[in-house]
Amino acid sequence: MPKRAYTLIFLLFILPGCPSRSIQPVPVLVKPPGSLRAEATVELEKIEFKGRAVILVKSPDLVRMDLLGPFNHVVAVIVSDSEGLSYYSNGKVRRYGWDDPLLPYPLRPGELVSLLMGRPELKGYYEFSTDGEGNISKLVKLSEGAAVLKVSMDDWREVQGLKIPFAIAIEDGGERVNIRYSSVELDPVIGKDLFILPGGPPGPARPARPGQGLP
């Protein structure tokens, strides 16, 4: 009997009797973009905000959220970098270190950048699950065996050739941050001056449009 026939018999009759093994798909992670600009609906439990926002992200650790009021005006600005977080509201800027319990959200900037771009670093202290297409759907960060960060990513869409999650929910220390993108632009040119709030925001934010920058 030809060797190929023996191989076929083995596959048909021997393998079906073997115990099944669950194989977890490897998440689809490609080179992340260097920057991101998005319009979104944002919910920040700690400061009781729920509404529209313009989000700017610049690798490796810069994030800015302009929280908008009902007339498209800026009601608050949150900027985070490697040293801490600045919060502009009611004409005043407050600066927080990363160990301050009053932080509007306690996520470290590099970690937040990776989540907002849908490219979390899957290090040894993370557990994750994926959807049928290999996109990360749930992510849990562990510390001494306990979950300290829970993230869900849904509604993955293709933007400029890359898959981006349009729905991101983050639970960190009992506080929740919910973000749903309505539009996303990848790799726009974003100046670092937009992440500096010396005495207030450098200009009112406008909803992001492809090919247009913020003032």
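The values are calculated or read from the model by the stated rules, or taken from the named source; none is laboratory data. For clarity, every value in this text was computed on a predicted model and none was experimentally measured. No Cβ is skipped: glycine too gets one built from the backbone with ideal geometry, and neighbour counts run over all protein chains shown.
The table below gives the values:
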item: Qualifying residue in the stretch 34-48 (condition: touching a helix residue (DSSP H, G or I) at 6+ places or on another chain (Cβ under 7 Å), more than 17 Å from Leu162 (Cβ to Cβ) and modelled with pLDDT of 90 or more); result: no
item: Options Gly97, Gly124; residue that is out of contact with any Leu (no Cβ under 7 Å at 6 or more places or on another chain), among the small types (Gly, Ala, Ser) and at pLDDT below 80; result: Gly124
item: So Val159, is it of a type in the set (A, V, I, L, M) and either within 14 Å of Val63 (Cα to Cα) or modelled with pLDDT of 90 or more (or both); result: yes
item: Test for Val151: is it over 15 Å from the mean Cα position of the chain (by Cα) and at pLDDT 80 or above; result: no
item: Of residues in the stretch 64-95 being without any contact (Cβ under 8 Å) to a residue 60 or more places away in the chain and surrounded by 18 or more Cβ atoms within 10 Å (Cβ to Cβ), the one nearest to Leu36 (Cα to Cα); result: Met65
item: Test for Leu67: is it part of a strand (DSSP E or B) and of a type in the set (A, V, I, L, M); result: yes
item: Strands (runs of 3 or more DSSP E) wholly inside the stretch 81-179 containing at least 1 residues that are closer than 25 Å to Leu194 by Cβ and among the polar types (S, T, N, Q); result: 85-89
item: Tally, over the stretch 40-63, of residues that are under 19 Å from Glu175 (Cα atoms), out of contact with any Lys or Arg (no Cβ under 6 Å at 6 or more places or on another chain), in contact (Cβ under 8 Å) with a residue 12 or more places away in the chain and not in a strand (DSSP E or B); result: 2
item: Residue selected from the stretch 141-164 under the condition basic (Lys, Arg) and surrounded by 14 or more Cβ atoms within 10 Å (Cβ to Cβ), by the criterion nearest to Ser183 (Cα to Cα); result: Lys163
item: Enumeration of residues in the stretch 170-179 that are out of contact with any helix residue (DSSP H, G or I) (no Cβ under 8 Å at 6 or more places or on another chain) and crowded, with 17+ Cβ neighbours inside 10 Å; result: Glu171, Asp172, Val177, Asn178
item: Residues of the stretch 109-140 that turn out to be among the hydroxyl-bearing types (Ser, Thr, Tyr) and surrounded by 16 or more Cβ atoms within 10 Å (Cβ to Cβ), as a count; result: 3
